[in-house]
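Right, I'll just put the structure down here and ask away after.
The values are calculated or read from the model by the stated rules, or taken from the named source; none is laboratory data. Please read all numbers here as calculations on a predicted model, not as lab measurements. Note that we place each Cβ from the backbone using ideal geometry, even for glycine, and neighbour counts take in every protein chain shown.
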Amino acid sequence: MGDDVVEATQSFDANADICQQLLTRYAHSSAAHQRHLCATAAATRSIIQSSSLSLTPLSYFAATITSLSNSDALDATALAALTSFISIVIPLVRRGEIKPEKAGEAVGVLVRVVEESGGSIGTSSVRAVVKCVGVLVAEFCDLKEWESVALGFEWLLKFSLDKRPKVRKCAQDCLLTLFKSFESPVISKKASKLIYSLLKDHMLMAVEMSASKIVDGPKKEAMSRPEHQEVLHLLNVLKHTVPYLSLKFRTRTLSELSKILSSKFSAVTRHVFDVISMIFETSGAEVIISSAEDIFNALVSYISLGEKNPADTALFAATLAKTALDKLLDGDISKWTTYFPLLTESLVGLLSSEADIARQASIILRELIDRHVEGKSFLILESQEMEDKATYSAESKAIEATCSVFYNVLSSSSRIPNEHFFSLVAFLFLKLGESSDIFMKRILLKLGDLMNATSAGASDMKHLQDCIGSAVAVMGPEKLLSLLPLSLNTKDFSCSNIWLLPILKKNIVGSSLQFFMEHIVSLAESFEQASRKVKKSVIRQDLQAYAHGCWGLLPAFCRQPSDTHQSFGALAKLLIPFLKKDSFMLDDIAIALQELVNQNKSALTSDQGSVELTEDRRTAILDEFPMDLKTRCSYSRKIASKNMKALSSCSRELLQDLTNVLFESPPDTHRHLKGAISCLMSICDSSITKQIFISSLEKFQLLDDVSEHKKVESETKVDGEESKAGSAGRDAKRCLILELASCVVEGSGDDLVNLVFSVIMRALQANDEASQMEAYQTLSRILEKHSWFCSSQYVVVMDLLTGIKSSANITLLRSRFACLQTLLIHALMRDEDEENTKVFSILNEIILTLKDSDEEGRKAAYDALHGISSKLRNSSDVSLDGLYHKFLSMITGYLSGSSPHIKSGVVSALSVLVYSDPDMCITKPDVVPSVLELLHSKSVEIIKAVLGFVKVLVSCLKPNDVQHLLPDIVDGIIRWSSVSRHHFKTKIVVILEILMRKCGPAAVKVLAPEKYKDFMQGVIANRHGKSSSKEGGNEDTRPELPDSSPSRQQKRKRDKLPIRPTKTDPL
């Protein structure tokens, strides 16, 4: 009987006559099996009616079972029709309508029909009976009584191994449903025993299959044997049912499966792994413990063969072993200590496989280390001074054995291991932390041997260095250098382990300043002394480089040192002699001072009370530190406060010397020096800062800049008393003073800020660009850091800046715009008519720069507008609420009454703002209509700017937002589609293509007036002619900002498009 009839069961209505439904459905069918089905249904209905019973599913069921009980008198066709019919009927019978006793009898009838047929009935019929038995047992038999379900369960289990796929699948599904339905542990146990017994019956064959070697051809031949197929089907049954087996039989099943496993791949390997995986997922340690030895030995042996077995199965075995080990960690630590090193060893063997296998093996091994090493107390020392007499716990011995695995690979390998190996060793260093010097001592020494023996050009050198860097980070330089010492041979002036210097510089964190001064500095001095003794210039230069390398470790030792408040005074005295012009230590000292100040300032201001390394100087390895090491590399507020007092107490002398060096050194060396000065001035007393600044003015004889402060304020030009030579000299000195001034701004008092501003005014009114640049940058910092100054001196500053012509120097222009941004935002906040006038003067300058012929100038103006927009939109300052819309209104105000040149500049400005904030067009809906209105203009300059704005607009907005603006956009731009000059047509085609991509061609085309339909059709045709991949790639690409400069108005060759131009030309 056809499968389609069986599959259609769900479509029948239990409240209507089943026979009539079948007749209605298949009355006109020519298929023989459907005609037989209808005939059977009609005959059954006649039987029911003759007994004066109602035509319910239950009546049909009883009548059909009665017919099947006399199956001896039925031929194969009749049996097929009856089995199909009953498979339709049974699901329609309501729960409880068939009593358990009757359900049991029905199961017996159905089983007998199949068993006594001698294979004469077809697959579909057998499948139908299997389905019926499954429903009867699961829904109508007594699930609390084994006798009620035993026959059906055993029979379903038998057919779950059937060679016919559809029958087998149906039986397995029914079996699984039945297992899920069992409510009694007793019943589950009896069912589990049956499945386990079936496994035991097939064990001999399963072991035989496991021992058989599979090679290409014979695989199919071996798999074709029925008994082999049964084993595979049984394993598949186990895979799905094992979660429902009782604990006892799950444990026994795991034990039997461990006997099937062999170290070589076989036909059953994947199936066995699947079952074991399901057991591990659904069981605790109690199931695994009893079979742990057999399972682990089998899995480890399989993994150890590496590439001799299929890669995916080796990795699967590794994952299974890791899962089992996770269970043992929580259940039986004694077994864990045995198998953890074994599993590690087998996985390390996979690291030398091909790239993808090695990568996946390293991931598994990394997860294993992360889960099993972290947070353990591995070592119990009898005495801190008696490391050699340490008493090891079982866990510690397991870790020691694991470390030995990695050591053995390093010792036995004829070449440098790959990056995966080194990354795992590095991770093991991190997880063991300060215990690394005990457990991984031999590994570290071996890594040192590799560094000494390997050429500098080896490809894996970086991974080896990073690995040692992990040891530096967790052990600290004190412990590491005791194992791998940096030393100088005074006889031949050879140096050992000098390769450590760059590794130390990169990875030291949380060390000791005292150790730097006592050990590293003395080492540097020994190199320097040796360099003065040797005659060969090459050796002398090397020794000097080594000395400088040791001194160069200073910034690394200043990353979160543990003894800042105890040792900084001594360190400052040591460093001050180096603060002189051309000293090789200047950059390192400046960076070290910034590190010390910034990390302690951050700790004092942090909400958490402690802070890790500053973002720009943190070591790469710190991200992977375990929490206890991260805690070691952080300061509490209390410690940071002590450190800051120590730093502040030494700041006067350091600042004076740093300032002198700043004045004496060339400009290209000033960056780090200024950073150090700025940091120290931010923590010292303001009187010291003021004293240093005034003394510097006296030194350069620039006190008249301050003494004539009031006079300068009212002037707009520098008097011409000074000669040109004298003026140049004063400008150079003033430039140095301004560099210093930029460092003192942040922590300065009001009087010092006013003094600095006096110097700024002089510098800005001079003609020296270098001085003006420093002046603008310093003024920008004052305006940002001191809001009181911005308020009290706003008019003076604005008058000063408006009296100075904007420079063509881009760096100078950017610095000027930085000042104007802050002033513009301040003026918006004051909301006074006079301030609004000054806002417009700032906007005028920026907008006119947008029309500049110089590309860098235009970019500076773009960035200025973007900066203003971002600050107004994103600031958490409530005082800035509403200023963004006011700013937009002021810009759009230019669109009425201005010259075409200004209007086009304003449109370009709005393009920048839309690019930065597409939602602007939604929150301020009058912007787009105001700009589109300009398309009625006859000015080419304005039209170009507006088309650029529209392109940015449609590219940045979401499709839904574009849809709302679509009619206005199409109506505005379409009239210019006939103008080929100035690339108007090309620009409009691009805009229309973007619109069609976001809104659909039909939605765009329908908005075009009749005379533009041909043009629109040409755009659609052109768009479809392009490759879909190119179009898809451009869909989410943000556009470049429009360029409205005169240089962009040159003629360019027009693209050839399949579009017919019209005669109408608005120009």
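Could you check segment 192-211 and list, in sequence order, the residues that are under 15 Å from LEU161 (Cα atoms) and buried (at least 18 other Cβ atoms within 10 Å of the Cβ)?
Once the filter is applied, which keeps residues that are under 15 Å from LEU161 (Cα atoms) and buried (at least 18 other Cβ atoms within 10 Å of the Cβ), segment 192-211 yields ILE195, TYR196, LEU198, LEU199, HIS202, ALA206.
Here's another thing I want to ask about it. Only one of LYS180, LYS131, LYS144, LYS163 is in contact (Cβ under 8 Å) with a residue 40 or more places away in the chain and in contact with a Pro (Cβ under 7 Å, 6 or more places away or on another chain); which?
Residue meeting the stated conditions: LYS163.
Looking only at segment 45-92, which residues are part of a loop (DSSP other than H, G, I, E, B) and within 21 Å of VAL113 (Cα to Cα)?
Result: ASN70, LEU74, ASP75.
OK, next. Which residue out of THR837, THR849 is within 23 Å of THR822 (Cβ to Cβ) and crowded, with 16+ Cβ neighbours inside 10 Å?
Answer to the check: THR849.
Additional query: Quick check on this structure: which one of LYS985, LYS944, LYS951, LYS938 is over 20 Å from ARG1023 (Cα atoms), of a type in the set (Lys, Arg), crowded, with 19+ Cβ neighbours inside 10 Å and in contact (Cβ under 8 Å) with a residue 60 or more places away in the chain?
Being over 20 Å from ARG1023 (Cα atoms), of a type in the set (Lys, Arg), crowded, with 19+ Cβ neighbours inside 10 Å and in contact (Cβ under 8 Å) with a residue 60 or more places away in the chain holds for just one of LYS985, LYS944, LYS951, LYS938, which is LYS944.
A follow-up question, please. Under the condition of being modelled with pLDDT under 90 and touching an Asp or Glu at 6+ places or on another chain (Cβ under 8 Å), which residue from segment 796-809 is nearest to LYS838 (Cα to Cα)?
Looking at the filtered set, the residue picked out is SER806.
Next question. State whether the residues of segment 329-337 include one that is more than 22 Å from SER197 (Cβ to Cβ) and of a type in the set (Phe, Trp, Tyr).
So far as segment 329-337 goes, yes, one or more of its residues are more than 22 Å from SER197 (Cβ to Cβ) and of a type in the set (Phe, Trp, Tyr).
Same structure again: Among the numbered conditions (1) touching a helix residue (DSSP H, G or I) at 6+ places or on another chain (Cβ under 7 Å); (2) within 16 Å of LEU68 (Cβ to Cβ), tell me where ARG112 comes up short.
(1)
As an exercise: evaluate LEU486 against (1) under 15 Å from LEU553 (Cβ atoms); (2) over 31 Å from the mean Cα position of the chain (by Cα); (3) surrounded by fewer than 19 Cβ atoms within 10 Å (Cβ to Cβ) and give the number of the one condition it does not meet.
(3)
Right, another one. Restricting to segment 140-184, name every residue that is assigned to a helix (DSSP H, G or I) and surrounded by fewer than 18 Cβ atoms within 10 Å (Cβ to Cβ).
Correct list: TRP146, GLU147, LEU151, GLU154, LYS158, PRO165, LYS166, LYS169, ASP173, THR177, LYS180, SER181.
Would you check which residues across segment 25-51 are at pLDDT 85 or above and over 16 Å from ALA81 (Cβ atoms) and list them?
Passing the criteria: ILE48, GLN49, SER50, SER51.
Being of a type in the set (Ser, Thr, Tyr) and within 27 Å of the chain's Cα centre (by Cα) narrows it down to one of SER423, SER411, so name that one.
SER423
Checking SER853 against (1) at pLDDT 85 or above; (2) among the polar types (S, T, N, Q); (3) not in a helix (DSSP H, G or I), only one condition comes out false. Which one?
For SER853, the exception is condition (1).
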